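The values are calculated or read from the model by the stated rules, or taken from the named source; none is laboratory data. What you are looking at is a predicted structure, and each value in this text was computed from that prediction instead of being measured. Please note: Cβ atoms are built from the backbone with ideal geometry, for glycine as well, and neighbour counts cover all protein chains shown.
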Amino acid sequence: MKAVVQRRYGSAVLGDLDVPVPGPGEVLLEVRAAGVDMGTWHLLTGKPYLLRFMGFGFRRPKSPVPGMDVSGVVKEIGPGVTEFAPGDEVFGTCAGSFAEYSVAKVSHLARKPAGLSFAEAAAVPVSGGTAVQGLREVQAGQRVAVLGAGGGVGSYGVQIAKALGAHVTGVCSTRKVELVRSLGADEVVDYTVADFTGTYDLILDCGGNRSLSRLRKALTPRGTAVLVGSETGGSLTGGVERAVRAVVVNPFVPQKFVMLMSNARGDVFDELRVLIEAGKVKPAVDREFPLSEALDAVEHLYSRRARGKVVVTI
């Protein structure tokens, strides 16, 4: 099979690999599309270096094929699998979706939403799943601010918060204002002109570049700030210092900081399927790249030019 092959950090090429074999609780997928997220860029580059100490491979990546988001068709089932059968169309996550075939755990998959293309479905799992988990506390009538609303997680955050009945303020750059408005945000703030104002019951911070004190000022007395990663730190830690400070500050302030560690779960993806089929959520796909240009797709995402999600089609 053709696949993007990565033998060391900072370098990958399109090459040939054997088709993998599914084990117990796994299925073999014929990959139709793969979503691109910032986690893929981190694992391609090996930065921040802290990742290498977290089990992803110290000298070289553990997985020779990058990519997590996936949509495709089940070709073969492993021992003990009863949830899916050959021919089923699914979406979810796996280790190595930048390939013609990949193996995925059934617990990380759900049936592809009706009416979505494979490319649209591949844009959902990582970013959409993160947004769902980050907005668990939202109740109807509350005020929610989504920082980085024009990106992958943010574009889903706006729609999911609206589906939960919240009043949503989306914060983004100038070139993403129209996208965020089209996603249903009640207010859109262009941060290149002026920062957002007001107070919110929950802030979903997908931007990662505002201080904890700034977030506290924008929260209600018992509000919550959900921190979704950070891209503002250096090569060593990648901005994890802000998360550490949040852990230290939490016991001493009335507001709450949540460092979101999103889990790849089929039941979460099934929640998204229901929202999509009900017309409440729709993937915002900026561009599609062929497998031969997968590294260009990752670079396009990293450039922050993308409005919504970037997808690799196979």
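Give the number of residues within the range 62-109 that are among the hydroxyl-bearing types (S, T, Y) and either touching a Ser or Thr at 6+ places or on another chain (Cβ under 6 Å) or not assigned by TED's automatic domain parsing to the domain that holds R8 (or both).
Adding up the residues that qualify gives 0.
Mind checking which helices (runs of 4 or more DSSP H) fall wholly inside the range 211-314 and carry at least 1 residues that are modelled with pLDDT of 95 or more and closer than 18 Å to A145 by Cβ?
212-217
At pLDDT 95 or above, of a type in the set (G, A, S) and surrounded by 21 or more Cβ atoms within 10 Å (Cβ to Cβ): does that describe A140?
The answer is no for A140.
Can you say whether F269 is touching a Gly at 6+ places or on another chain (Cβ under 8 Å), hydrophobic (A, V, I, L, M, F, W, C) and surrounded by 13 or more Cβ atoms within 10 Å (Cβ to Cβ), as far as the supplied structure shows?
Judged against the criteria, F269 is a match.
Would you say A185 is touching a Gly at 6+ places or on another chain (Cβ under 7 Å) and not assigned by TED's automatic domain parsing to the domain that holds C94?
Judged against the criteria, A185 is a match.
Out of all the residues in the range 132-151, is one or more closer than 26 Å to Y302 by Cα and touching a Pro at 6+ places or on another chain (Cβ under 7 Å)?
No: zero hits.
List the strands (runs of 3 or more DSSP E) inside the range 15-129, counting only whole elements, that have at least 1 residues being at pLDDT 95 or above and out of contact with any helix residue (DSSP H, G or I) (no Cβ under 8 Å at 6 or more places or on another chain).
Passing ranges, in order: 26-36, 69-77, 89-93, 101-105.
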